[in-house]
1. Say we look at segment 193-216 and pick out the residues that are among the hydrophobic types (A, V, I, L, M, F, W, C), open to solvent by less than 60 Å² (accessible area, probe 1.4 Å) and in contact (Cβ under 8 Å) with a residue 24 or more places away in the chain; which of these is farthest from L156 (Cα to Cα)?
2. Out of (1) in contact (Cβ under 8 Å) with a residue 60 or more places away in the chain; (2) within 23 Å of Q204 (Cα to Cα), what's the single condition that is false for P109?
3. Could you figure out which of (1) within 27 Å of L71 (Cβ to Cβ); (2) not in a helix (DSSP H, G or I) isn't true of G95?
4. Would you mind telling me which numbered condition in (1) open to solvent by less than 20 Å² (accessible area, probe 1.4 Å); (2) among the small types (G, A, S); (3) part of a helix (DSSP H, G or I) S152 fails?
5. Could you check how many residues of segment 59-73 are outside any strand (DSSP E or B) and open to solvent by less than 70 Å² (accessible area, probe 1.4 Å)?
6. Give just the number: which of (1) at pLDDT below 90; (2) buried (at least 23 other Cβ atoms within 10 Å of the Cβ) does N224 not satisfy?
7. Which is surrounded by 15 or more Cβ atoms within 10 Å (Cβ to Cβ) and farther than 26 Å from V185 by Cβ, of N322, N248?
8. Name the residue that is farthest from V90 (Cα to Cα), counting only residues in segment 41-54 that are open to solvent by less than 60 Å² (accessible area, probe 1.4 Å) and of a type outside the set (S, T, Y).
Amino acid sequence: MNNISSFMAKSSFALCIGAFASTVSFAETIEMTYAHSENPSSTTAAIAFEAIVEGKSGGEIQVNRVIHGALGSDRDVVDQLRLGELEFYVVGVHGLNGIAPNFQLFDAPFVFKDRREFYGLMQDKELVSFVNDYLLEASNNTVRFFGAAENSVRNLYSKAGPIRTPADLKNVKLRVPPGPLNIAVWQGLGVGSVVGLSGSERNQALQTGLIDGVEGSLSGAVGNGHLDILDHVSFTGHSFSYMAYLANNDFWNGLSDEHQSILKEAIDLSIIVQNGSAMSEEFAAIEELQKKGTTITVLSADEKAAWQEIAYPVGQNFVKENVDADFTSTVINALERVRANLD
């Protein structure tokens, strides 16, 4: 081929490629940072979310998972979410107290009889929509709520023990999630020293002696190494705690309908995964502790009633004074609908 023919051939090829490129739209990759806790069930759900989103989107959405403690306290990460510095956050609802104090209702002790009620409440679409509207308003339209999964069925773990009744708490230095409700409840139960700390601060506080007890999920206490330091487990079952699935609202509104549908499906499935994982992790933790010989205290009906008689009124009085009445009535009505369907 002579030089002229070669030039013509290359020019024709280039023109064809240019014409092809002008008619094909190459999708821009969307990157989203997903912050979550170090709890095993939360991590399992995050991995599921990542796989579903990236698979369903054909790689158009890339999920960058990060443990929230690397970004700061719960409140710090919520602020970052509001500012659009990350796109998605799964956080214990106590982390929202600063911007949405009505969420404290969900942390009140002895509200739920069992996991069926606990899971069922967040499957009530009317309630989820109501809570989303509330959070959007409370956050100045920066944070969107999609639902919630199990953070934990909360029990008590301590160096002192066995702890069977509130009277056994008088010398305990107990870490509780930050927030006035949690602090009020445990002060009402007679804890010697109540210390409000985010989850990422617990290990250091245990190692330095700032605290000598924690309350929370059994799997989290085992997985995070708390029970390498603490010797006693008391199955108080004093509350069921949610983790809220949240997104930056501008990020959400900037997604196409197709991408929103993919994320919504991933959220729904991840909540199921997290709930199932939380239960299985709890059973595995019990087996591990039995093998280690850790002291496990199972309360009698009378002993559990002693906790409820003190903690429930404290929680309900706090809710009455600090949570909007219409929010409380809407949640209670939804819980009654759930109970009616379970009966």
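1. Going through segment 193-216, the residues among the hydrophobic types (A, V, I, L, M, F, W, C) turn out to be 194-195, 197, 205-206, 210-211, 214.
Pick out the ones that are also open to solvent by less than 60 Å² (accessible area, probe 1.4 Å) and you get 194-195, 197, 205-206, 211, 214.
Cutting the leftovers down to in contact (Cβ under 8 Å) with a residue 24 or more places away in the chain gives us 205-206, 211, 214.
Working: A205: 16, L206: 14, I211: 13, V214: 6 Å.
Checking each candidate, the answer is A205.
2. Among (1) in contact (Cβ under 8 Å) with a residue 60 or more places away in the chain; (2) within 23 Å of Q204 (Cα to Cα), P109 violates only (2).
3. Checking G95 against (1) within 27 Å of L71 (Cβ to Cβ); (2) not in a helix (DSSP H, G or I), the one that fails is (2).
4. It fails just one condition, (3).
5. Step one: of segment 59-73, the residues outside any strand (DSSP E or B) are 59-60, 68-73.
Okay, now just the ones that are also open to solvent by less than 70 Å² (accessible area, probe 1.4 Å), so 59-60, 68-69, 71-73.
Residues in segment 59-73 being outside any strand (DSSP E or B) and open to solvent by less than 70 Å² (accessible area, probe 1.4 Å): 7 in total.
6. Failed condition: (2).
7. Working: N322 fails: farther than 26 Å from V185 by Cβ.
None of the others qualify; the one that does is N248.
8. Ranking the qualifying residues of segment 41-54, first place goes to E54.
The values are calculated or read from the model by the stated rules, or taken from the named source; none is laboratory data. On a predicted model such as this, the values are computed, not experimentally measured, just so you know. When we count neighbours, we look across all protein chains shown, and the Cβ atoms used for this are built from the backbone with ideal geometry, even at glycine. Just the protein is used for accessible areas: all its heavy atoms, side chains included, with ligands, DNA and RNA removed. Shrake-Rupley method; radii C 1.70, N 1.55, O 1.52, S 1.80 Å.
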